Amino acid sequence: MAGQVGFHVEQDRCIGCFTCQIACKDKNDLEVGQRWRRVEEIAGGGYTRVGEAIRGNVYAYWISISCNHCQDPLCVKNCPTGAMYKRPEDGVVLVDERKCIGCRYCTWSCPYGAPQYDPGKGKVGKCNFCLDLVEKGEEPACVAACPMRALHAGDLEELARKYGGTSAIKGLPDPKLTKPSLLISPHRHAVDK
């Protein structure tokens, strides 16, 4: 493989505004219930009594997630027709709709819930890294729309050099499962201490 593209999220900048999710739905004209990018809130903590006082230690952070164009994608491995495939030139995982029979093995296989079954088409769709925009020199719709500039896309090695990050945070599956092409600069509560 020549390279691997991916996403980077600066979690401390993400305010959970859902603009990336909306931009993706709008760009791809997705039906209600279809989310190729989604934002999820992770909340926790509680209160402790300190003498007569109650001290709060609650927290919340958001995870903006789509297909991670994994380096070892289970959706590709488990697709019985070869409809799910990984482009050798950039590592983007795509669906060939002509080959998709709507069996949903990919939706069951992906630990991130990225492939989405479209009952209207009887086929699966997912993030395609906005290749039509990227090939014109533009950013994916979710990245371009982020008002906090918390979301980045590009060559995974360049993203790692520029931002660092990890794909092992609380709220996401173990990255050893699929080796996601996702780097996150985590919120302080998103990492184990």
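Brief remarks on what is shown
- Entirely in the range 128-185, the helices (runs of 4 or more DSSP H) that have 1 or more residues that are within 16 Å of ILE22 (Cα to Cα) and open to solvent by less than 50 Å² (accessible area, probe 1.4 Å): 141-145
- Cβ-Cβ under 7 Å pairs, at least 6 apart or on other chains, the range 1-20 side farther than 17 Å from SER181 by Cβ, far side acidic (Asp, Glu): GLY16/GLU41
- Whichever residue in the range 35-52 is at pLDDT 95 or above and either farther than 26 Å from LYS170 by Cβ or not basic (Lys, Arg) (or both) and, among such residues, is surrounded by the fewest Cβ atoms within 10 Å (Cβ to Cβ): GLU41
- Contact map, the range 93-108: first residue over 15 Å from TRP36 (Cα atoms), second residue assigned to a loop (DSSP other than H, G, I, E, B) and of a type in the set (D, E, K, R), Cβ cut-off under 9 Å, separation 6 or more or different chains; pairs are GLU97/LYS121; CYS100/LYS121; GLY102/LYS121.
- Residues in the range 87-108 that are over 14 Å from the mean Cα position of the chain (by Cα), crowded, with 19+ Cβ neighbours inside 10 Å and not in a loop (DSSP other than H, G, I, E, B): VAL95, TYR105, CYS106.
The values are calculated or read from the model by the stated rules, or taken from the named source; none is laboratory data. Note that the structure is predicted; figures quoted are calculated from it, not measured. Counting neighbours? That spans all protein chains shown, and the Cβs are built from the backbone with ideal geometry, glycine included. The accessibility values were calculated without ligands, DNA or RNA, using every heavy atom of the protein model including side chains. Shrake-Rupley method; radii C 1.70, N 1.55, O 1.52, S 1.80 Å.
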